[in-house]
1. Within segment A:104-117, which residues are in contact (Cβ under 8 Å) with a residue 12 or more places away in the chain and either assigned to a loop (DSSP other than H, G, I, E, B) or surrounded by 22 or more Cβ atoms within 10 Å (Cβ to Cβ) (or both)?
2. Determine which single condition residue A:53 fails, assuming it passes every other condition in (1) in contact with a helix residue (DSSP H, G or I) (Cβ under 7 Å, 6 or more places away or on another chain); (2) facing chain B (nearest Cβ under 9 Å); (3) modelled with pLDDT under 95; (4) surrounded by fewer than 24 Cβ atoms within 10 Å (Cβ to Cβ).
3. For residue B:93, work out the one condition from (1) more than 14 Å from every other protein chain (Cβ to nearest Cβ); (2) within 20 Å of residue B:24 (Cα to Cα) it doesn't fulfil.
4. Within segment A:27-78, count every residue that is part of a loop (DSSP other than H, G, I, E, B), in contact (Cβ under 8 Å) with a residue 60 or more places away in the chain and touching a strand residue (DSSP E or B) at 6+ places or on another chain (Cβ under 8 Å).
5. Kindly indicate the residue of segment B:1-26 that is part of a loop (DSSP other than H, G, I, E, B) and more than 7 Å from chain A (Cβ to nearest Cβ) and also nearest to residue A:19 (Cα to Cα) among those meeting that condition.
6. What is the residue count in segment B:156-197 for residues that are surrounded by fewer than 16 Cβ atoms within 10 Å (Cβ to Cβ) and touching a residue at least 40 places away in the same chain (Cβ under 8 Å)?
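The values are calculated or read from the model by the stated rules, or taken from the named source; none is laboratory data. Model, not experiment: these values are computed from the prediction. Don't worry about glycine lacking a Cβ; one is built from the backbone with ideal geometry, like all the others, and counts go over all protein chains shown.
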């Protein structure tokens, strides 16, 4: 086994730990918290059958690659709950260090490629990354709907905060925005979400 | 929400159940069995940094799509352990029925696309599907190496059977075959695998 291959396998083995990183939200049968590997899979499959809602010019392969690796830094930095203001204070710093170490396991050309994908996802400026970030939000929406409010109820998150978080979808996947609004109205109606706006 | 979108969301919500389908093999920290959603994610990421070992002409996006959905039928048909001869007797029948129902949730054009991808993966005749099937085998190899033999030891699988199962890699990803042989020799040396050939 040459050095290049050994590095790729060490990276692959390290990735396995993403299966132990728990997110706050529950899987849809409500039995337990979802882990970040499962979430990354679900989002990536969504990019197979929701591409028609992407803005013109979005590159499916590029989006999928970003989504497959977007949470890998959590192996070192752990998942930061999206409504955790304190956790967000040093989130960027923790995740940069994690990206250095984890992508650094790969051969140099592949480090650069993976890091560029992750940086792009995080910066959320390009058409592709804005769509990818939108699917990230969108997956959670349906998970919370299927678990009677899920994290919204468990952590008392009011509608205004959810709308703020979901706002990414209005920007990155505007064709999905009317559905988001419809779902949030339904969530309020069903008592899954407190209407404060 | 129009009918097309409602069908896509029902499909997406149904996919969530793949997170509850347990495979026989353990995640690499040995703490529990892996589920099929995690496995599908891991395989799909592998297609990002192991493409250089694919035969010339393999289409990365096509491979990724196949890998992302290759186990979805297990939601109804459950995972069949690859060395379970009895389970394999009706595996095809169970999985065909599952594919009919699960892909059937999607709008017709998308059913056809997903079903064609799954049929292609299962038939394992095209260059892309032979490579995708090879990565499916390859992921398990490293999982068993990292868990002191994993399913090989738990279920007393001898080297000849593992070689038979891994043979797919010799066909679909011949550049990876020398590493497979090297790993299996090491597995025998470490006492993870019984040498019967």
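1. A:105, A:106, A:107, A:114, A:117
2. If we test residue A:53 against (1) in contact with a helix residue (DSSP H, G or I) (Cβ under 7 Å, 6 or more places away or on another chain); (2) facing chain B (nearest Cβ under 9 Å); (3) modelled with pLDDT under 95; (4) surrounded by fewer than 24 Cβ atoms within 10 Å (Cβ to Cβ), just (3) comes out false.
3. (2)
4. The qualifying residues number 1.
5. B:21
6. Total meeting the criteria: 7.
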